[in-house]
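For reference, the structure is listed below as structure tokens.
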Amino acid sequence: MGEPEYAVCFEGAGVFMPKSAFTHEGFREWVLSDDFPDGVKATFARGEVLFEVSPEAIRTHSIVKRQMLLALASLAESDDLGESYPDGVLLTHARAGLSTVPDFCFALWETLETGRLREVPRNGDPDDSVELEGTPDLVAEIVSKSSTHKDLTILRETYARAGVPEYWIIDVRKKEARFEILRLDSGAYVASAPREQPQISIVFGRNVALHRSKNRIGRWTYRFEITK
């Protein structure tokens, strides 16, 4: 048997992408296989394959993501709204040609009960799944140096094509922090309250504001304020 054929090789990052991954179904099969490397985020959208292999920036990505998950997961549980999915879950929408790993994903109970979004069992085990298939009610992305074009252009277009009602964009890399809740309207996203705080979330039925301040050692910290 000959050596496998690769379309892209990032040997330093341990990424060897087979030619079959240039199709959506082939990509999906690859990222769910044992051959897919740990610690790599890959996206298939608009017929393109995109990789993120750099560690997340602590102050402008991982801490923001943690605070968002804590705030929104707590709200979803306290009001019995639905299920929250943290970073690490593969989201697939076949018709939109999308497979990606959002920083945050949320689905209302009705969405899950009607099968608009469903967990895909791995090896036939309903308690062992790493993929969601369909349309969630909300996705959020925190923009980093390696994801700017993907988050602001490619995923914005593809999440809209998948019919996701709300897309949250957070970018705290600059002096002025950017937090926008985009609402799907006639197949495209529009800002709910452009450049204003708080932002309006129809999915949660709340106003949401992102606050940034310095902690006791002079580092940025973040707080999501959620009000009716």
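Readers should treat all values here as calculations from the given coordinates under stated rules, not as data from a laboratory. This one's a predicted model, so the numbers in the text were calculated from it and none came from an experiment. Cβ: placed from backbone, ideal geometry, glycine included. Neighbour counts: every protein chain shown.
Using θ = phi - 60° and the Karplus curve 6.51 cos²θ - 1.76 cosθ + 1.60, what whole-Hz ³J(HN,Hα) does each residue of region 169-184 get, with Gly and Pro shown as x?
Karplus values, whole Hz, x for Gly and Pro: 10, 10, 9, 10, 7, 10, 4, 9, 5, 10, 9, 10, 9, 9, 10, 6.
Tell me, what ³J(HN,Hα) does each residue in region 17-32 have, in order and in whole Hz, if you take phi through Karplus 6.51 cos²θ - 1.76 cosθ + 1.60 with θ = phi - 60° and put x for Gly and Pro?
Rounded to whole hertz, the list is 8, x, 4, 4, 6, 7, 9, 4, 5, x, 5, 4, 5, 5, 5, 8.
Label-point separation (nm) for E225 and A193, each offset 7 Å from Cα along Cα-to-Cβ?
1.0 nm
Gain in length, A209 to A94, computed as 0.36 nm per residue apart minus the alpha-carbon separation, to one decimal in nm?
38.1 nm
Any chance you could give the angle, 0 to 90 degrees and rounded to 10, that helix 63-78 forms with the longest Cα principal axis of the chain?
70 degrees
Once the Cβ-Cβ distance between R46 and R66 is put in as r, and R0 is 30 Å, what FRET efficiency do you end up with, to the nearest 0.05?
Efficiency for this residue pair is about 0.50.
Counting pairs of alpha carbon atoms under 8 Å apart in space and at least six apart in sequence, what relative contact order in percent does region 115-181 give?
27 percent
May I ask for the distance between the Cα centers of region 159-198 and region 27-59, given as a whole number of Å?
23 Å
Amide H of K41 versus every other amide H placed in the peptide plane: which residues, excluding those fewer than 5 positions away on the same chain, fall under 5 Å?
Placed amide hydrogens put E52 under 5 Å from K41.
Exactly which trypsin sites (Lys or Arg not before Pro) in region 95-199 are in a DSSP loop and have at most 12 other Cβ atoms within 10 Å?
Loop-located and lightly packed - R95, K145, K174, K175, R195.
If the elastic network links every pair of Cα atoms under 10 Å, which of G47, G163, G82 fluctuates the most in the Gaussian network model of the chain?
Comparing G47, G163, G82 in the GNM, the peak value goes to G47.
Any chance you could list P(r) for the chain, counting all Cα-Cα pairs in 5 angstrom bins from zero, rounded to whole %?
1, 6, 14, 18, 19, 17, 12, 7, 4, 1, 1, 0, 0
Give the relative contact order (percent, whole number) for region 58-227; include only Cα pairs under 8 Å separated by 6+ residues.
With pairs under 8 Å counted, the relative contact order is 17 percent.
Restricting attention to region 132-228, which GluC sites (Glu not before Pro) occupy a DSSP loop and are surrounded by at most 13 other Cβ atoms within 10 Å?
E176, E196
Take the cross-link list K65/K150; K150/K214; K41/K65 and give me the ones stretching past 22 Å between alpha-carbons.
Flagged as over cut-off: K150/K214.
If amide H atoms are built 1.01 Å from N in the plane of the peptide, which residues on other chains or at least 5 residues away come under 5 Å of the amide H of A57?
Counting only residues 5 or more places away or on other chains, the set is S62.
Per-residue HN-Hα couplings for region 156-167, Karplus 6.51 cos²θ - 1.76 cosθ + 1.60 at θ = phi - 60°, whole Hz, x for Gly and Pro?
Here the 3J(HN,Hα) series is 4, 5, 6, 4, 5, 5, 7, x, 6, x, 10, 10 Hz.
Between V53 and E176, what length comes free when the chain is fully extended (0.36 nm per residue of separation minus the Cα-Cα distance, one decimal in nm)?
Contour length minus Cα-Cα distance gives 41.6 nm.
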